[in-house]
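Read the structure below first, then the notes.
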Amino acid sequence: DCVMKNRKLAEKFLHKADQDMTVLEKWRQDPDIACEILGFHAQQTAEKMLKAVLSHQGIEFPFTHRLTDLIDLGKEHGIVLPERLEDIRFLTPFAVEFRYDIYEEDEEPVDFEEVFVLLTELRKWVDTNID
């Protein structure tokens, strides 16, 4: 049972990730945009980028928004995310919980400038892993 690398699917995921990234780029400094909205698009960007790399390598992945699961699945197949980029894991709750719950900023507020930098680095890493 030969798993084929799927460049077309990878490109589709990357295109969708870039669309989410554009939203972040335009809205991240707008005080009227809720943290949950920015977090959702940041999480979606990361998820789609990771799925692009997995698709490109022909690795099947479950339907999930959990970034940790996608990162770990990559590791099992020898695709190791640089440690610094593993920080994107914290975005996972934005995919589901914070879409329907209010994001309480009891914790440290999310620095979306830093998130944007991380996602930009992730995008570069993705490019080097999709030849």
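Evaluate the relative contact order of the range 1-72 (contact order divided by residue number), counting alpha-carbon pairs under 8 angstrom at least 6 apart; express in whole percent.
Working: 68 pairs, mean separation 32.6, N = 72.
Contact order relative to length: 45 percent.
Mind ordering 26-34, 71-79, 54-62 by average Cβ neighbours within 10 Å, highest first?
54-62, 71-79, 26-34
Of MET49, ILE130, VAL115, which is farthest along the charge dipole of the chain in the positive direction, counting Lys and Arg as +1 and Asp and Glu as -1 at C-beta?
Farthest towards the positive end: ILE130.
When only Cα pairs under 8 Å and 6 or more residues apart are kept, what is the percent relative contact order across the chain?
32 percent.
How large is the charge dipole for the chain, taken about the Cα centre, if only the Cβ atoms of Lys, Arg (+1) and Asp, Glu (-1) carry charge, to the nearest 20 debye?
980 debye
Compute the acute angle (0 to 90°) between the alpha-carbon long axis of helix 35-56 and the principal axis of greatest extent of the alpha-carbon atoms of the chain; round to the nearest 10°.
The helix 35-56 is inclined about 10 degrees to the chain.
None of the figures in this text is laboratory data; all of them are computed from the coordinates on show. Note that this is a predicted model, so its numbers are computed, not measured. Because the Cβ atoms are built from the backbone with ideal geometry, glycine has one as well, and the counts that use them run over all protein chains shown.
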